[in-house]
Amino acid sequence: MSVATYDIDLKEKIVRAFEQTPDRKNVQRTEAMRYFQMLGLPGSKTEEYRFAPITRALEKNFNFELIHPIESKIKSIDQFLIPDLEANLIVFINGVYSSAHSKIISPESEIKISDLRKAVNQNEAPVYFEKYLKTSVDPFMALNSALWQDGVFIQVPAKTKVKKPVIVLHISDAEKEQSIAHTRLLVVLENDSELTLIEKSASTGENNIFHTFAEEIVVKEKASLDYVKIQNDEGKLHQVANSMIHQSSSSKLNTFTLTLNGSLIRNNFNIAIDGENCESHFYGLYLLNGNTLADNHTVVDHLKPNSFSNELYKGVMDGNSKGVFNGKIFVRPHAQKTNAFQSNRNILLTDTATVNTKPQLEIWADDVKCSHGCTSGQLDDEALFYLRSRGISLNEAKAMLLYAFAIETLEPIKNPVLKIYLDSLISKRLNKF
């Protein structure tokens, strides 16, 4: 991995900040910081980050020597919630768990939620902590593992369906000064269990925000997970999210990532299909304007035979925004009879908007059905003309065509209240283009 020359001072500041933390002697944190120092921050020649100048943005906008916790004055979080959705709520404010705003409504027989930080500090961390999500690969994963402030462990017992969704809400309060936060999540679905998990980022204030988030999700045999990530942050958010989902035999997975706002958003989304007869669907939608940069890096790794995966990411870029999609599918030698499909489609609304897309497919097995591809273009002039000829205004005609393009990505959403909310977010954004 190439290391930029300009990251040396910033890296040293982060190391010094780590040395002032109370958990610096923790073995796992120390090891993670060692990997961070080895990897360094990514530069312009680092292949995995060459379209996302995150190091330059951090150097320009943040003071990593300010490590004291930022106290928040937030009294109500109603504006950040999903209307009419009855759900379990886990709230982090500036990286710290807020018991005052969190609310668990499902019985303990359905779901167990505990303090991940306490478990790790007392060497009682669950066996799955950092089992699949490796700190030696990505510098921001290593950074998060060294500096994470708070986290939760969610466990769904075997043969149990959690009737109410779980919302993990990350709020950044940047009213008075910059906000730097690092949070963790560990989720284990035991055999034949079901869960709907929603993650949402929100902010208040005009100062810069840097948030790293790392999660490990283990989906055991015959378990089913519906996962939704909503990135609709109005603030100056710089976020790097590392997600690792591990699937066992006969498990089912539906994911949807919606990115609307933020300064620089990077999603590292990794799925290991480590069992037979798995079914996996990955959908993403990024609707960008202004100067927002959204970079989605996905890895779908088929390790065992007889499984199916389908990945569809779509993007609409307006203004000076920039979309990036890099999707990798690996089919390992033993993963015979794998069906794996990947598609990335993009619409550019202005000459100044850009997209960089790179679908990749690497197959080491011969009895498979796999495909991948990408498209980038503009709105269909003939379709626009047809709608205009029917008395529809230009803006309405654009919104209708864009909505028809985007709405396919909502296919995996089962909860009707959640689907209506996501539909409204998408419609609202498209009517502004």
**Item:** Filter result (under 20 Å from the mean Cα position of the chain (by Cα), under 20 Å from T196 (Cβ atoms), assigned to a helix (DSSP H, G or I) and of a type outside the set (D, E)) within the stretch 408-433
**Value:** T409, L410, L418, K419, Y421, L422, L425, I426
**Prompt:** Which residues, taken from the stretch 391-433, are touching a residue at least 40 places away in the same chain (Cβ under 8 Å), loosely packed, with under 13 Cβ neighbours inside 10 Å and either polar (S, T, N, Q) or closer than 22 Å to D233 by Cα (or both)?
**Reply:** K432
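Those residues that are small (G, A, S) and either touching a Pro at 6+ places or on another chain (Cβ under 6 Å) or surrounded by fewer than 21 Cβ atoms within 10 Å (Cβ to Cβ) (or both), I need them from the stretch 38-63; list them, please. Please lay out each step first, then the result.
Here is the first cut: in the stretch 38-63, the residues small (G, A, S) are 40, 43-44, 52, 57.
Residues satisfying the conditions are G40, G43, S44, A57.
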**Request:** Note down all Cβ pairs under 9 Å where the first residue falls in the stretch 296-310 and is in the same structural domain as R266 (by TED's automatic domain parsing), the second is of a type in the set (K, R), and they're at least six residues apart or on different chains.
**Result:** none
**Message:** With of a type in the set (A, V, I, L, M), more than 30 Å from E86 (Cα to Cα) and at pLDDT 95 or above as the only criterion, which of A406, A353, A383, A399 stands out?
**Reply:** A353
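Quick check, is A52 over 19 Å from the mean Cα position of the chain (by Cα), touching a residue at least 12 places away in the same chain (Cβ under 8 Å) and within 25 Å of F269 (Cα to Cα)? Quick ask: steps written out before the conclusion?
Working: over 19 Å from the mean Cα position of the chain (by Cα): no; touching a residue at least 12 places away in the same chain (Cβ under 8 Å): yes; within 25 Å of F269 (Cα to Cα): yes.
Judged against the criteria, A52 is not a match.
Consider R388 carefully, then state whether it is among the basic types (K, R), free of Cβ contacts under 8 Å to residues at least 60 places away in the same chain and out of contact with any His (no Cβ under 8 Å at 6 or more places or on another chain). Reasoning before the result, please.
Numbers: among the basic types (K, R): yes; free of Cβ contacts under 8 Å to residues at least 60 places away in the same chain: yes; out of contact with any His (no Cβ under 8 Å at 6 or more places or on another chain): yes.
When the stated conditions are applied, R388 passes them.
Looking at L133, L195, which one is in the same structural domain as A87 (by TED's automatic domain parsing) and within 17 Å of the chain's Cα centre (by Cα)?
Selected residue: L133, the only one of L133, L195 that is in the same structural domain as A87 (by TED's automatic domain parsing) and within 17 Å of the chain's Cα centre (by Cα).
The values are calculated or read from the model by the stated rules, or taken from the named source; none is laboratory data. Bear in mind the structure is a predicted one, so any value in this text is a computation, not a measurement. So basically every Cβ, Gly included, is an ideal-geometry build from the backbone, and we count neighbours across all protein chains shown.
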